[in-house]
Amino acid sequence: MYCNVSYAQNTIRYTFDDTKTEWEAIKGSAETIQTGAYKGKALKIHPNSTIKLDVDLQPSSTYRLTAWMRTESGADAVTIMTDKLGKNNISGSTALASWTKIEKDINVSANQHEAEIKIVFENTQGSTNAWVDEIELVRTGTFKEKIYAGIPPEIKRESKEHLGIKTQPDSVIKWMLDDKIGMFIHWGLYAGPAKGEWYMENKGIRPEEYRKLAYKESGDEYFTAKDFNADKWAELAKNIGAKYMCMTTQHHDGYALFESKYMNAFTSKQTHNRDFVKEYTDACRKAGLKVGLYKTLINWRFPGYYDIYGTNCLRNKFGYTTDASHKENARLMKEELYCQTKELMTKYGKIDHIFWDGGWIGQQGSDADGAPFWESGKYMDPNNEWPINEYFQDIDSVTGKPLGLMGIVRKYQPNVVVNSRCGWIGDFGNEEGGGEVKGEIRSGVVEKCFTIAPGWGYTTAMEDPTKIMPITRIKRIFADCMVRNMCFLINVGPDRHGNVPKPVEDRLLEFGNWIKKIRDAVYSTRGGPWQPVDGQYGFTYKDNKIYLYLLGEYADEDFLMPQMDKGMKIKKAYNLYTGEKIKVSRKSGNIYLKNINAEKDDITVIAIELNRNVRKTNAEAEENSDRFLNQIYIESCIACNTMQLSMFLNLFIQDIPTVPTNIFTLC
């Protein structure tokens, strides 16, 4: 198959408008289409398919990769990634139904000159498709690989402020990097039809018809919740190694699993006389798990979601058309969100984690694009066109201003950590879907969330063991997250009665049994200290231990350790899963782990115990700095030469955290 590719100076551009350059479906199938393309023609990718493009690159270069991608509503993420670049491989994903621009920087080492671009769309619920268009690679500069004479410096998380709200400090968000594993739960009325959490929108079912799923009149699709037992869910979470859970308190269908006083709310308290969120949060705390809440912003029960100005109704499957009354309807949707956000922040004790979703308007654009409507920051704008009734406003006691969405959250839950899907930049990021995890160690806190069966909410495919993600694939995604200093949020979709499907539970328990054997390489570790090499190996570390993850494609019998700090020695090494000892050999200044027996297409973890900690404590770093500065002072006195002192400082100043001014006072 062919697409158009052009090479213009340092630009490589792939379009799908004619038949000049070949693309290959190495798995599944795809086709070029014009209807619905981003520009000209696009590539429509069918479920469970992988598309490959070969590309020639200049060695020692940095490129900016851009691509436009989208999925259908309710589909899993579509992923674009590179292969053949080792530790320089990258990946980027989107699950949005509107055209989304993916941008990634790619480094090409001196010995590299070719790569593969792959677009991967996994097996997804139903017959949903994905699209890609206008792929471009632009050379942006020269790449020179950093070489460290020892352990590389730690990658620091950057603190930011956006819309009047500061991101949480490291001391508050640290628990996510320590706890690593969470269990995601998608559960609601959509479990009845068993066709995924986007069932209402995919089928264009109006609210008055959809609400019948909460009552017995819907028959075999009735959301009975008769077996719902939050303690069982918490027990499963603990058995798979999770330290926190995150439950959908309300998905896009607008059905709240909690009690709400908002006059137009549709809740489980009304239909079942139960507050499922209360039962869930109580179970979390009883089990010693941190509490996470998923909350969507959008609500398909309101036609105004697609027509917020009442002048231009966006395309939708419900048959809604432009109506001036939709502007007020959109305001009511927003008002319900504000009311319910305060309820969730005030009625259920300490909340540790919030997973916002659905910040985009009419399922178009980005979450950031929707922020002016939702007023996602600290304060509301008095001139906003969709004002919240004073009765539902929350006022800042210091300024007297009405609080915006995140202002309410921070007021009542000052230590909660939230993602970026409400339009605010977030304390942590998400990489969504089952696509591969590639690239460097993440500089901020990033949570990988994915489901191991077609659909996030319950589908009948979850009852079929052949449709469940293989354990080796789950382990590979997990290992790729750990060596990149990421968190791992794995999803379950209970059925309409509240039971987790047995094939899903069995696979998760299999994963949990593996985690129990390698737990030392997981909890409270950090990714690194060296960058991972995609498909080959990566590392985590804690105190005086380094854990080597071999990622299933490493084929050598021995492993050459990267360069360590002067005076750092390996005391012993062993297979963390089996306990088998690994011989350590030194030759010509290099350190080798011998006969490592890496398992092909599976994960092998080797523990490496050192004679000292990988990272110096603050006290050790300060002591070393003082000792080093004293040495400089002594040598400068002997030299009594300002120029020699200046040269000496220029050589080593990057290793000194702070330099007192009196060091420049010579004898």
Among residues of segment 482-504 being farther than 25 Å from THR459 by Cβ, outside any strand (DSSP E or B) and of a type outside the set (Val, Ile, Thr), the residue nearest to the chain's Cα centre (by Cα) is MET486
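Matching residues to (1) within 22 Å of THR459 (Cβ to Cβ); (2) touching a Phe, Trp or Tyr at 6+ places or on another chain (Cβ under 8 Å); (3) assigned by TED's automatic domain parsing to the domain that holds CYS339; (4) buried (at least 22 other Cβ atoms within 10 Å of the Cβ):
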{"site": "SER171", "(1), (2), (3), (4)": "no, no, yes, no"}
{"site": "ALA194", "(1), (2), (3), (4)": "yes, yes, yes, no"}
{"site": "TRP198", "(1), (2), (3), (4)": "yes, yes, yes, yes"}
{"site": "THR224", "(1), (2), (3), (4)": "yes, no, yes, no"}
{"site": "ASP231", "(1), (2), (3), (4)": "no, no, yes, no"}
{"site": "GLU235", "(1), (2), (3), (4)": "no, no, yes, no"}
{"site": "ASP275", "(1), (2), (3), (4)": "no, yes, yes, no"}
Only residues that are of a type in the set (A, V, I, L, M) and more than 18 Å from THR267 (Cβ to Cβ): list them for segment 192-248, please. ALA194, ILE205, ALA234, LEU236, ALA237, ILE240, ALA242, MET245
Looking only at segment 437-478, which residues are closer than 28 Å to TYR190 by Cα and in a loop (DSSP other than H, G, I, E, B)? ILE452, ALA453, PRO454, GLY455, TRP456, GLY457, TYR458, ASP464, ILE468, MET469, PRO470
Hits in segment 570-583 (condition: in a strand (DSSP E or B) and either more than 19 Å from THR540 (Cβ to Cβ) or in contact (Cβ under 8 Å) with a residue 40 or more places away in the chain (or both)): ILE570, LYS571, LYS581, LYS583
Which of the residues spanning segment 573-602 are touching a strand residue (DSSP E or B) at 6+ places or on another chain (Cβ under 8 Å), basic (Lys, Arg) and farther than 29 Å from ILE471 by Cβ? LYS583, ARG586
Looking at ARG64 and the list (1) assigned to a strand (DSSP E or B); (2) under 18 Å from LYS438 (Cβ atoms); (3) modelled with pLDDT under 95, which single condition is not satisfied? (3)
Run ASP543 past the list (1) among the acidic types (Asp, Glu); (2) over 14 Å from ILE608 (Cβ atoms); (3) touching a residue at least 60 places away in the same chain (Cβ under 8 Å); (4) not assigned by TED's automatic domain parsing to the domain that holds ASP231 and report the number of the one that doesn't hold. (2)
Looking only at segment 317-342, count every residue that is under 14 Å from GLY358 (Cβ atoms) and part of a loop (DSSP other than H, G, I, E, B) and tell me the total. 0
Within segment 153-160, is even one residue in a loop (DSSP other than H, G, I, E, B), of a type in the set (Val, Ile, Thr) and outside the structural domain of LYS195 (by TED's automatic domain parsing)? yes
Selection from segment 343-353 of residues that are buried (at least 22 other Cβ atoms within 10 Å of the Cβ) and either in a helix (DSSP H, G or I) or of a type in the set (Ser, Thr, Tyr) (or both): LEU344
Please work out which residue is modelled with the lowest pLDDT, limiting yourself to segment 262-316 and to residues that are assigned to a loop (DSSP other than H, G, I, E, B) and charged (D, E, K, R). ARG315
Working carefully through the options GLY512, GLY493, GLY527, GLY538, find the one that is buried (at least 22 other Cβ atoms within 10 Å of the Cβ), over 30 Å from HIS272 (Cβ atoms), in contact (Cβ under 8 Å) with a residue 60 or more places away in the chain and of a type outside the set (Val, Ile, Thr). GLY527
What do you reckon, is VAL55 farther than 19 Å from ASP357 by Cβ, aliphatic (A, V, I, L, M) and either crowded, with 20+ Cβ neighbours inside 10 Å or assigned by TED's automatic domain parsing to the domain that holds VAL120 (or both)? yes
It is to be established whether one or more residues within segment 281-289 are closer than 20 Å to PRO207 by Cβ, surrounded by fewer than 22 Cβ atoms within 10 Å (Cβ to Cβ) and not basic (Lys, Arg). no
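The values are calculated or read from the model by the stated rules, or taken from the named source; none is laboratory data. Model, not experiment: these values are computed from the prediction. All Cβ positions, even for glycine, are placed from backbone atoms using ideal geometry, and neighbour counts span all protein chains on display.
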